[in-house]
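Structure record follows, encoded as C-alpha cells.
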Amino acid sequence: MLTAFMSYLGSTMTPGEAGNQLWALIYVLIIFAGVSVAVICMNWIERKALAHFQVRLGPMRVGPHGLLQPIADALKLMLKEDIIPAEADQYVFWFAPMIGLLAAFTVYTVIPFGPSQAVSDMNIGILFMLGVSSLGVLGIVVAGWASNSHYPLIGALRSSAQMVSYEVAMGLAVVAAILMTSMNASGTGTLSMIGIVQAQHEQGVWFIFKFFPLGLIAFAVFAIAMVAETNRAPFDLAEAESELTAGFHTEYSGLRWSLFMLAEYAAMIAVSSIAVTLWLGGWMRPFPNLLHAAAWDFIFSLFPALTFGGLAAIAFIGTARMPVQSFFKIQRIGLAVFAALLGFIALLLLVIAIAGRSADTSIAARFNEGIGYVYWFVLKVAVFMYLFIWYRATWPRYRFDQLMKVGWKVMLPISLGVLMLTAIVGVIFS
Amino acid sequence: MTAVATPWFFYALAGLAVISGVLVITLRNAVHAALALIVTLLAVAGLYLMLYAPFVAGVQIIVYAGGIMVLFLFVIMLVNIERASKERRFNRIWPVGLVAACTLLGLFVSAFVKGKELLRDRGMPLPESSNTQQIASMLYGEAGKMGQYTFAFEIASLLLLVAILGAVIMTKKKI
C-alpha cells in the first residue's frame, strides 16, 4: 500500500499514460475540488474587486472582509426553492444546467498542470478541449428555450450566434499556435497539451513572443474571443441585465441557477488554461532555459512559499488594522486564524522547497517540482481571471451588431492573416 | 498500457447511438429530436475513439455536436413548436424510405456475414499516438512529396467553398 502510494508520488507519467484508473480517479477528484474552491474564491474576489473599482467596500459583514460571503451565498442558494415554471419544458429545463457543467468540467481531463500533473495526455488534447468547451453553449441555448419565456429565448439566440461567430476566430488563432509547435528539426507538430508546452520549452520561447508580433496578435485574438466564448462582459449579451433581465437564466433559481454560475466560472478557468498552455508556457517557470542552474531552481522554488507568506502578512496587517471594538472581536480572531493558516502553508512549502533542494530523485524533490509546476500554472491562470474582472469593471457592453461586426469583420480577417503569415514565416525560417 | 476499450463500452455506445437515433425520428418535439441527435453524434464520436481514431472523434465533436447542432437548435427555436408537433410527420414517400432502409440493412448484414471476403484487410489499425500525424501526412504529404489524398482533399475544400459562396448568394440577394 505504502510502496504503491510512494510510487504514485514518484511517477513521471500521467495517470492516463500509466493506465492507472484509481490514480486517475484521485486526480479527477482533486481537480474537481480544486476548481470548485477556485470558483468560490473567484466569486469573492470578483465582488470585492468590482466593489473597489467602483469605490465601494463590497461584502464586509459575513466574516472578516466578507471572506465567508461565498459560503453563505452557496448555502442560501441550496436552501432556496427550485422553481420550474408551469409552461416550461420540465425535463429539458431540469437538465440544461448539467450540460454546461458537464462540458465545463470534462475539459479539465486534459489540462496539464505539469508534465505529469494531468489526468491524461490526449493525442488530440487541444481539439478535445475546444470541442468539449464549445458544447457548453448547448446548455445555455437549451436553457433559454426550455424556459418558454421571451427574455431567456432571446438571450439563448444571442448566445448561440455569438459563440458560433467567435469560435471561428478562436480556432484560427489556436491553429496559428499549433503551427508554431512544428517549427522544430523534424517538422512535426503536436496537438497534445503537454506536447505544446514541451515544444515551447524546446524552442526556448513562449509562443506569445515567437515571430514577434505574430504570436502576440494570435494571442490577443484568442484572449478577446475567449471572453466572448464564456459570455463575460463586455460580451455578456446573453445575460444583459439592462435589456433581458438576466438573459438565459431569468427563470432559474436556487441550486440550478448556481450550477450555471459554477459552469460559467469553470469554463472561464478552462479557457484561461488553454491560453496559458498555448501561449504562456503552461507550467514552466520564467526563463527555464536561460536560468537553469540549480541555484536558480532553488530560488524559483521559493516563490510558492513567498506568495503564501505575503498573503499571510497581508492578513496579519488586516488583523492589526481592525477597529478595536467588541463588535469586531470575533472577526478579528477569525482573520488572525486565517492569517496563521496561510503562514503555516507558507512554512510547509518552505520546508518542502528546502528538503527537495539537494537530491533530484527523492520523493521530496518530485513533490517540490510538482508544486512548482502547479504554482506557475495557477499563477498565470489567476492573472487571466483577474483580467476577466478588470474587463467587466472597465468596459461597457457591446451592442449586438457591433459584436457581430467585431467578430466577423475584424477578428476573423486578423486571425486568418496571422495564420497565413505564421505559415509563411515558419517556412522561411526553418 | 491496459486497454479501456472493452466490448462493454462498445455495446453501451452503440446502444446509445441506436436508441437516440430512433428517438430523433419518433420524438414529436423538434428540439427534443435535436437533443437526441446530439447524443447520437457524441456516441458515434465515442465509437471513433474506440477505433483509435481520436482526430476523427475530436472533429466530430467540434463540427457536428458543437457547430452544426447549435445552428440546428438556433433555427428550430424560431419554429413554432406547438404547430409543428401537431403536423403529420411521415409523408407519402415512406415506402421509398423503407426500400432504402432495407437495402442498407442488407448491406450491413452481408458485410457482417462475409465481410472478410468483401473488404480488403487493411492490417492493424495505426497506434493511437501517431494516428493524427498519419492523417496529416496522407492529406498534405511530407517533405515535398504529395500525399496520398492531397488532390482529393483540395478538391473537396474547393467544393465546400463553392457551397459556402452559394449559400451566401442565395440568402443575400444584394451584395
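Just so it is clear, none of the values below were taken in a lab; they were calculated from the coordinates. In this text the structure is predicted, and so the values were computed from the model without any measurement. Cβ coordinates were reconstructed from backbone atoms using ideal geometry, including for glycine residues, and neighbour counts include every protein chain displayed.
Residues whose amide H falls under 5 Å from that of A:Asn148, counting only those 5 or more places apart or on a different chain, are A:Asp89, with hydrogens built in the peptide plane. Build a GNM of chain A with springs between Cα atoms under 10 Å apart, and of A:Tyr391, A:Tyr252, A:Tyr108 the one that fluctuates most is A:Tyr391. Using C-alpha pairs under 8 Å with a sequence gap of at least 6, the mean separation divided by the residue count of region A:135-248 gives a relative contact order of 35 percent.
In terms of the Cα gyration tensor, with a ≥ b ≥ c the square roots of its eigenvalues, is region A:305-355 rounded because a/c is under 1.5, prolate because a/b exceeds b/c, or oblate? Note, shape of region A:305-355 comes out prolate. Cβ-Cβ distance of B:Val99 and B:Arg28, R₀ of 41 Å, FRET efficiency by 1/(1 + (r/R0)^6): the value works out to about 0.95.
Each of A:Met261, A:Ile274, A:Ala228 was placed along the dipole of region A:207-287 (beta-carbon charges, centred on the mean Cα), and the one lying farthest toward the positive end is A:Ile274. Ordering A:318-324, A:193-199 by mean Cβ neighbour count within 10 Å, with the highest value first, yields A:193-199, A:318-324. Less than 5 angstrom separates the built amide H of A:Tyr398 from those of A:Asp236, all sequence-distant by 5 or more or on a different chain.
Less than 5 angstrom separates the built amide H of A:Met122 from those of A:Met193, all sequence-distant by 5 or more or on a different chain. The alpha carbon gyration tensor of the protein assembly as shown gives principal lengths a ≥ b ≥ c with a/c of 1.5 or higher and a/b no greater than b/c, which makes the shape oblate.
Given 0.36 nm per residue, what is the gain on full extension from A:Glu202 to A:Phe32 after removing their alpha carbon distance, in nm?
Details: separation 170, 0.36 × 170 = 61.20 nm, distance 3.11 nm.
Value of the extension gain: 58.1 nm.
When the Cα positions of A:Leu79, A:Ala161, A:Leu57 are compared along the charge dipole of chain A, A:Leu57 comes out farthest toward the positive end, with charges on each C-beta of Lys, Arg, Asp and Glu. Using just its DSSP H runs of length 4 or more, each adding -39500 (n - 2.57), chain A gives a mean residue ellipticity at 222 nm of -23000 deg cm²/dmol after division by all residues. Modelled label positions at A:Ala393 and A:Phe298, each set 7 Å beyond Cα in the direction of Cβ, lie 3.9 nm from each other.
Per residue of peptide A:125-137, the mean number of Cβ atoms on other chains within 10 Å of the residue Cβ is 5. Dipole of chain A computed with +1 at Lys/Arg Cβ and -1 at Asp/Glu Cβ about the Cα centre; of A:Val406, A:Cys41, A:Gly417, farthest Cα towards the positive end is A:Cys41. Under the membrane-span-like helix rule (DSSP H runs whose alpha carbons stretch at least 30 Å along the helix axis, mean Kyte-Doolittle hydropathy -0.5 or higher), chain A yields A:21-53, A:125-146, A:150-181, A:254-279, A:329-355, A:363-394. 3J(HN,Hα) along region B:169-174, derived from phi through the Karplus expression 6.51 cos²θ - 1.76 cosθ + 1.60 where θ = phi - 60°, amounts to 5, 5, 7, 10, 5, 9 Hz, with x in place of Gly and Pro. About its Cα centre, how strong a charge dipole does the protein assembly as shown have in debye, to the nearest 20, once Lys and Arg get +1 and Asp and Glu get -1 at the Cβ? Using Cβ point charges on Lys, Arg, Asp and Glu, the protein assembly as shown gives about 920 debye.
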